[in-house]
Amino acid sequence: MELKISSQSQGDCAVVTVRGEIDLYTAPQLQSGLLNALEDGARRLVIDMSGVEFCDSTGMSVLLSAMKRARERKGTLELVAPKPAVRKILEVTGLISVFTVQDSLDALPMAAGSGSTA
């Protein structure tokens, strides 16, 4: 299955929207997209997982690696709106307590036009 990745940046926050399946074959594409967002100056990576139907251990490894890189740059990585199948993988592997997981983009305090940067 095809993987589609799009990224939208605002200040030091990048929202990376992922759609499709993350597996051994598509994980390098995800890794590239996340690294590009970090290299473009994002310190806060918000990954919209609402369109991800499946994510295997390779995909989880890519997400962990991106979180490590973000933390090395004093940044964060958040997973948003994972579907039940992906959430189950996070729960079974114990990664649900490693990642910051939000239920929806609406729950995020984004600086979208609010101008509040403390």
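Table: residues versus (1) closer than 18 Å to L38 by Cβ; (2) modelled with pLDDT of 95 or more; (3) hydrophobic (A, V, I, L, M, F, W, C).
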{"position": "V52", "(1), (2), (3)": "no, yes, yes"}
{"position": "L63", "(1), (2), (3)": "yes, yes, yes"}
{"position": "V80", "(1), (2), (3)": "yes, yes, yes"}
{"position": "R87", "(1), (2), (3)": "no, yes, no"}
{"position": "L90", "(1), (2), (3)": "no, yes, yes"}
{"position": "A107", "(1), (2), (3)": "no, no, yes"}
{"position": "S114", "(1), (2), (3)": "no, no, no"}
{"position": "T117", "(1), (2), (3)": "no, no, no"}
Q | Top-ranked residue of the range 49-66 - restricted to ones that are among the hydrophobic types (A, V, I, L, M, F, W, C) and open to solvent by 40 Å² or more (accessible area, probe 1.4 Å), ranked as nearest to the chain's Cα centre (by Cα) | A | L64
Q: Six or more apart or on different chains, Cβ under 9 Å: which pairs go from a residue in the range 22-42 that's modelled with pLDDT under 95 to one that's in a loop (DSSP other than H, G, I, E, B)? Could you list them?
A: L38/R73; L38/G75; G41/G11; G41/D12; A42/G11; A42/D12; A42/R73; A42/G75
Q: Find the residue count for the range 1-25, including only residues that are open to solvent by less than 80 Å² (accessible area, probe 1.4 Å) and in contact with a helix residue (DSSP H, G or I) (Cβ under 8 Å, 6 or more places away or on another chain).
A: 9
Q.
Against the conditions (1) over 12 Å from the mean Cα position of the chain (by Cα); (2) touching a residue at least 60 places away in the same chain (Cβ under 8 Å), where does V46 fall short? Just the number, please.
A. (1)
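Looking only at the range 26-48, which residues are closer than 22 Å to R87 by Cα and either open to solvent by 30 Å² or more (accessible area, probe 1.4 Å) or not aliphatic (A, V, I, L, M) (or both)?
Keep residues of the range 26-48 that are closer than 22 Å to R87 by Cα, which gives 26-31, 33-34, 44-48.
Correct list: T26, P28, Q29, Q31, G33, R44, D48.
The values are calculated or read from the model by the stated rules, or taken from the named source; none is laboratory data. All values derive from a computational prediction rather than experimental measurement. Every residue, glycine as well, gets a Cβ built from its backbone with ideal geometry; the counts of neighbours run over all protein chains shown. Heavy atoms of the whole protein, side chains included, go into the accessibility calculation; ligands, DNA and RNA do not. Shrake-Rupley method; radii C 1.70, N 1.55, O 1.52, S 1.80 Å.
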